[in-house]
Amino acid sequence: MKKVISLSLVFSLIVLNSLVCVAQTETGDPCKKLRLDIERMEKAHTENFTPAVYKVYKEALLKAYKELDGCLEHKLSGASETEVASLRAEKVALEDKILFFEIALRQSEVSPNQNPAPERPALTDAQPQATPSMQHASSALVVRENGNGNGNGTSSASSAQPLTSTAATPTSTPAAQDTPQVDDLCKDLQPGKAYDNPPPILSTLVNRSAADVANFDDPDNAVASITQMVLYTIFDAASANSSTILRGLEDYQYLSETARTDKQIGPAPNSDGAVSAIEKPSFARLLGFAIEHGGITKKNNGTNLTLSTSLYSLYAMTGGDTAERYQEAGFLNRIGVAATFAVADQNDELANVRRNNLSEWSAKVRLFGDRSTRSKRFQEFWDLKVRPLIRARLLALGHSVESLSKQLKDYDVIERQSKRCLPGLAQQRMAQADYKAAGKDEQKRIIADLILQHLRANIFNQVRDENGKLKLSDEQLGQIEGDFLPRLKTALDNLVLADAAVKKEIADLAKGPLATFAFTNYRIPTGSDYSETKFLFEQDKGLFRPLKLVGNVGMTFYNKPDPLLNQKRARDFSAALSFEGSSRSPFTEDENRSRITYSFVGRYERLFENRRLPVRKPDIGAFQFVMEIPFFKGLSLPLSATYANATEEERKSHFRFNFGMRLDTDKLFELLRAASNR
Amino acid sequence: MRKVNKFSYDVRRGEKITITVVPKDFLGELPSVEATLDDEEDQKLVNTGTNNKPIFVFTVKKPFNATHRVFMEFTFLPGTPDKACYEVTIGGQNDVGCPCGFKICKTNQNLEPVISFDVLLVDQTNSDSESAQEDA
């Protein structure tokens, strides 16, 4: 009998629903009619429905929601300005209902035997409630050991949400729980509401979290900074004045990557593929490249293939590269080695790695000067000038949260609700087809919208509503406007200054003196092999400012001198001097700090074996102008023009022009990262 | 301690919490982690490790149903390799659902997580002794 009544009720609902289209033509406002119909359907007594009947009922209601959604869409196109806001709000709420119903229906399809009762959306307040998977998205179980005590009897215990008391054995993640736990916290969650024009400091943080959710496919990342999000939302909702102050705060940018120009991996300057005639002493990046490629890195410039590594990277291959191991490695992080092979096979570059193709190998040892951020000087600067400022911001946040948490009895519970339920909501959204089909940017937007809507409905409105759980007193408003926000503003302003100081300090790092000793062994297929020892020096803060001075002094020795070719043990003496300058590039993006670099290089070489040979010159001089112009996306154009009075083989003077294209993947990565942060 | 999600844990009053941070693949660049506990008025977060491997320790002192929050900020300085990460391990007593913690890499966009410790677990033995002390 009960079944018959249920079926007749559902049948009448479906008939009612099908008449909606007819009604649309018969009444002046078709949406109004639809609203009334939905209201009637929502008031239906569903408790006696069988699962099958309940499913039909839900489908009918979902259809009605969708029709109303379409109707509102149509109405919006011709709505006046005054109507738009309310229509949009209604549409957003409706879309939430549609979303929840679609999820609920999908859930019931997945587990058709499930008792429908717990998953029924509560319709009495016309707001759908959490679905089962939301309910076991997290739990607030109290594990009570050796008894069923009611906590330790402190005053705050009395303000607790009704927690399920059980001796359950929790699993590693809430989502992994086998049996759904009724989570009162998530059940009380309000459906999301559109958060138009959120404060920049909040939307930046939400966007970052959403990006981490989408990029790492991890819904937990949605709540990494939920504490700050809740706080900023309260500040936004507290009063018009606090909202204005909050919106005036600097959008917090982390102290992070800027362009570095001290990179040089590649063959020695006298190789055929080399653009510059001078060698820089730094090899900090050698360590990085080597590690990133499993100990050994390769670089092919078309003419030469250079494989490089460092003793530290080999040391770190067992046990990993941790900051502690780096410190333990001592002198190992000062030594780098590289080998260059002539490229004969362009298709299989590693086929070139054989003894016959080896054109040179080298080792570099850093003698003095440290340009890394691990240098003592930088660490002192960081500890003294920057750490306290980072701390001050964290403490400003902590002070605000702690004060509000102590004064508002529901603060902790409401924040807890967000941090426990949002990952479940994000996970559900990520399971939907449109999310899966979307590109990364769209996925980020979807998750960001979800978080913002959640904050609006569950935090903002709790502050604004007359009976909201986060209703603030005048005294609390005064604290927010007069203490919390000014404190946070000071901390953020100081960090902006710190950021500038960090950039300056890092720029200064690259200006200190740096010296390395290099040993290079050249393999000459049609001549005698020889070795070169070279002292490389670089100084930026010298007499020649703003030009940077780079100097190389070295001698080369034959491994086996050939007397028939007039060779002695000492092959040559060489010295090179370079003056480098830089200027701003007009071709790069705003956040790309790469500069146009140019240098004037003079090089002198005394080749002892050319003495007394009429067709050769013992004293060879060269003058070179080198320039590198950075473009967008990490691309740059290095070029050089060289005049020399002779070569090692010929007495004839000559002029040579070299150019190429370089793609700096580090820079490209940073630019993409900066762009996606915006 | 019981894991709720990567950034939320249920703890007992009196429980000692240890947060260990291991910076990996930083090579010659300085890792930097800053962490504070609540407003640092009642208790400071002590780094018992080094800057190369910070170990932050505190004891849960708040009452039942309250929350301790550890505010953190991770920095990746210029020149840090792209695959650099901080591996954060969180441990308490009689941990459930662990290994607990998370990883913040250079590829992460959010570098300021907050770890929440909700005092929702109750050890009856401790509770009784505390009540007895309070009564006394």
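The values are calculated or read from the model by the stated rules, or taken from the named source; none is laboratory data. If you're wondering where the values come from, they're calculated on a predicted model, not measured in any experiment. Note: ideal-geometry Cβ built from the backbone for every residue, glycine included; neighbour counts use all protein chains shown. These area figures cover heavy atoms from the full protein model, side chains too; ligands, DNA and RNA do not enter into them. Shrake-Rupley method; radii C 1.70, N 1.55, O 1.52, S 1.80 Å.
From the set of residues in the stretch B:78-94 that are modelled with pLDDT of 90 or more and assigned to a loop (DSSP other than H, G, I, E, B), which is least open to solvent (accessible area, probe 1.4 Å)? Quick ask: steps written out before the conclusion?
Filtering the stretch B:78-94 down to residues modelled with pLDDT of 90 or more leaves B:84-93.
Those left that are additionally assigned to a loop (DSSP other than H, G, I, E, B): B:84, B:92-93.
Numbers: B:84: 0, B:92: 26, B:93: 89 Å².
Ranking the candidates gives B:84 first.
Apart from one condition, residue B:30 fits all of (1) facing chain A (nearest Cβ under 7 Å); (2) touching a Lys or Arg at 6+ places or on another chain (Cβ under 7 Å); (3) over 18 Å from residue A:322 (Cα atoms); the exception is (3). Residue B:44 falls short on exactly one of the conditions (1) within 12 Å of the chain's Cα centre (by Cα); (2) more than 8 Å from chain A (Cβ to nearest Cβ), and that condition is (1).
Among the numbered conditions (1) closer than 16 Å to residue A:576 by Cα; (2) open to solvent by 60 Å² or more (accessible area, probe 1.4 Å), tell me where residue A:632 comes up short. Only one criterion is unmet by residue A:632, namely (1).
Restricting to the stretch B:30-48, name every residue that is open to solvent by 30 Å² or more (accessible area, probe 1.4 Å) and closer than 25 Å to residue B:84 by Cβ. Those that are open to solvent by 30 Å² or more (accessible area, probe 1.4 Å) and closer than 25 Å to residue B:84 by Cβ: B:47, B:48. Within the stretch A:554-564, being in a strand (DSSP E or B) and in contact with a Lys or Arg (Cβ under 7 Å, 6 or more places away or on another chain) holds for A:554, A:556, A:557, A:558. Only one entry of A:603, A:593 meets the criterion of being surrounded by 14 or more Cβ atoms within 10 Å (Cβ to Cβ), of a type in the set (Lys, Arg) and either part of a strand (DSSP E or B) or at pLDDT 85 or above (or both), and that entry is A:603. Just to be sure, is residue A:623 within 28 Å of residue A:662 (Cβ to Cβ) and either over 35 Å from the mean Cα position of the chain (by Cα) or aromatic (Phe, Trp, Tyr) (or both)? Yes, satisfied. Scanning the stretch A:565-581 for residues that are open to solvent by 40 Å² or more (accessible area, probe 1.4 Å) and either in a loop (DSSP other than H, G, I, E, B) or of a type in the set (A, V, I, L, M) (or both) yields A:565, A:566, A:568, A:569, A:577. Among the residues of the stretch A:536-553, which ones are outside any loop (DSSP other than H, G, I, E, B) and touching a residue at least 24 places away in the same chain (Cβ under 8 Å)? Listed by number, the residues that qualify are A:536, A:537, A:538, A:539, A:548, A:549, A:550, A:551, A:552.
Per the conditions (1) more than 13 Å from the chain's Cα centre (by Cα); (2) surrounded by fewer than 23 Cβ atoms within 10 Å (Cβ to Cβ); (3) free of Cβ contacts under 8 Å to residues at least 40 places away in the same chain, the sole criterion not satisfied by residue B:103 is (1).
Exactly one residue among A:420, A:456, A:416 is open to solvent by 30 Å² or more (accessible area, probe 1.4 Å) and among the basic types (Lys, Arg), and that residue is A:456. Of the residues making up the stretch A:211-245, those that are under 18 Å from residue A:458 (Cα atoms) and within 14 Å of chain B (Cβ to nearest Cβ) are A:222, A:223, A:224, A:225, A:226, A:227, A:228, A:229, A:230, A:231, A:232. Only a single item in (1) of a type in the set (Asp, Glu); (2) in a loop (DSSP other than H, G, I, E, B); (3) modelled with pLDDT of 90 or more is not met by residue A:345, and it is number (3). Return only the number of the condition from (1) open to solvent by 50 Å² or more (accessible area, probe 1.4 Å); (2) more than 35 Å from the chain's Cα centre (by Cα) that residue A:584 does not satisfy. It fails just one condition, (2).
Let's see how each residue does on (1) within 7 Å of another protein chain (Cβ to nearest Cβ); (2) more than 25 Å from residue A:381 (Cα to Cα); (3) modelled with pLDDT of 90 or more:
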residue: B:4; (1), (2), (3): yes, yes, yes
residue: B:9; (1), (2), (3): no, yes, yes
residue: B:14; (1), (2), (3): no, yes, yes
residue: B:38; (1), (2), (3): yes, yes, yes
residue: B:54; (1), (2), (3): no, no, yes
residue: B:67; (1), (2), (3): yes, yes, yes
residue: B:74; (1), (2), (3): no, no, yes
residue: B:100; (1), (2), (3): no, yes, yes
residue: B:104; (1), (2), (3): no, no, yes
